[in-house]
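Q: Right, I'll just put the structure down here and ask away after.
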Amino acid sequence: MKRKILIGLTTLVFVACVQKVPITNRRQVSLIPESELIGMSLTEYDKFLKEHKVLPATDQNALMVQKVGKRIQAAVEAFMKEKGLSKRIEGYKWEFNTVDEATVNAWCMPGGKVVVYTGLLPVTQDEASLAVVMGHEIAHAVARHGNERMSQQMEVQMAGTVLSIALQSKSQQTQNIFLQSFGIGSQLGMLKYSRTHESEADKMGLVFAAMAGYDPNSAIAFWERMAASGGQKPPEILSTHPSDEKRINDLKAFMPEAMKYYKKAE
């Protein structure tokens, strides 16, 4: 009898953690309450900004990142409301900052905490391409990909430790797993997003950029520039990221769907 009750409770917890990713409808399992990750992001985001050179709000690049970010934010909120999924971004306190570093990267923590590195801007070249990248990174957060990665990593590294206790203690190990899961800090050995996550973020990011008034076709030119600027890369089977060629082909295949959401901003 006790065994049946235990199995029943375990099943209930598992079912409660299973959700569907917006747009792709893929079923996902996230063991960590999103509110816990949003709480951690408030601390880690502020800490990151204090340790890096953040451009002042009056800087032209920072103004562009803010402008694009706010338009993507409005698109995400509108999409979630339209689909009855506003609860998925409950607790978001959006921030968009530009860090003066040569790294060709951007990321988004849970709760809408976004950073764009100045090293990315020569590759994006314009607002539309920047919107594609920011939409992609924000899509990772909205899709809760980091939660999936962190859940898996904590299961492996903290076997035998109650998850809730590990989260409450905010140990250095827990903090490191958090930063790894969201791609912040290469010194920690970043946990790469899976090819499934990358492809999902590409599709969701195109929709968000299109809804924000940016032509999603800009994604093709951007990834072609990324492919041209890269060095020798491993075969796709050895990488968690799609190859540039596959990514571009997948984007082209999804473009008709993304264009349904596109309305040029006035």
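The values are calculated or read from the model by the stated rules, or taken from the named source; none is laboratory data. As the structure is a computational prediction, the values presented were derived from the model and not from experiment. FYI the Cβ positions are ideal-geometry reconstructions off the backbone, even for glycines, and counts take in every protein chain you see. Side chains are part of the model used for accessible areas, which takes the heavy atoms of the whole protein and leaves out ligands, DNA and RNA. Shrake-Rupley method; radii C 1.70, N 1.55, O 1.52, S 1.80 Å.
Residues are listed down the side, and each one gets a yes or a no for (1) more than 27 Å from ASP250 (Cα to Cα); (2) of a type outside the set (D, E, K, R); (3) open to solvent by 50 Å² or more (accessible area, probe 1.4 Å):
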position	(1), (2), (3)
ASN25	no, yes, yes
GLU34	yes, no, no
LEU37	yes, yes, no
MET40	yes, yes, no
LYS53	yes, no, yes
THR58	yes, yes, yes
ASN61	yes, yes, yes
GLN66	yes, yes, yes
PHE79	no, yes, no
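Q: Looking at the structure I just gave you, is TYR117 more than 22 Å from LYS263 (Cβ to Cβ), at pLDDT 95 or above, among the aromatic types (Phe, Trp, Tyr) and in contact with a Gly (Cβ under 6 Å, 6 or more places away or on another chain)?
A: No: the conditions fail for TYR117.
Q: On to the next question. Go through segment 140-226 and tell me which helices (runs of 4 or more DSSP H), entirely inside it, have 1 or more residues that are modelled with pLDDT of 90 or more and surrounded by fewer than 17 Cβ atoms within 10 Å (Cβ to Cβ).
A: Here the list is empty.
Q: Right, something else. Within segment 80-97, can one find any residue that is of a type in the set (Asp, Glu), modelled with pLDDT of 90 or more and in contact with a Gly (Cβ under 9 Å, 6 or more places away or on another chain)?
A: yes
Q: Ok, one more. Can you name the condition, by its number, that SER151 falls short on among (1) out of contact with any helix residue (DSSP H, G or I) (no Cβ under 7 Å at 6 or more places or on another chain); (2) of a type in the set (S, T, N, Q); (3) closer than 20 Å to LYS50 by Cα?
A: The number of the failed condition is (3).
For every residue, the table says whether it meets (1) modelled with pLDDT of 95 or more; (2) more than 19 Å from the chain's Cα centre (by Cα); (3) exposed (fewer than 15 other Cβ atoms within 10 Å of the Cβ).
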site	(1), (2), (3)
LEU238	no, yes, yes
PRO242	no, no, no
LYS260	yes, yes, yes
LYS263	no, yes, yes
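Q: A further question on this structure: Being touching a strand residue (DSSP E or B) at 6+ places or on another chain (Cβ under 9 Å), within 19 Å of LYS67 (Cα to Cα) and at pLDDT below 95 is true for just one of MET134, MET109. Which residue is that?
A: MET109
Q: Sticking with this structure for a sec: Take PRO110 and tell me if it is under 14 Å from the mean Cα position of the chain (by Cα) and more than 14 Å from MET134 (Cβ to Cβ).
A: In short, yes.
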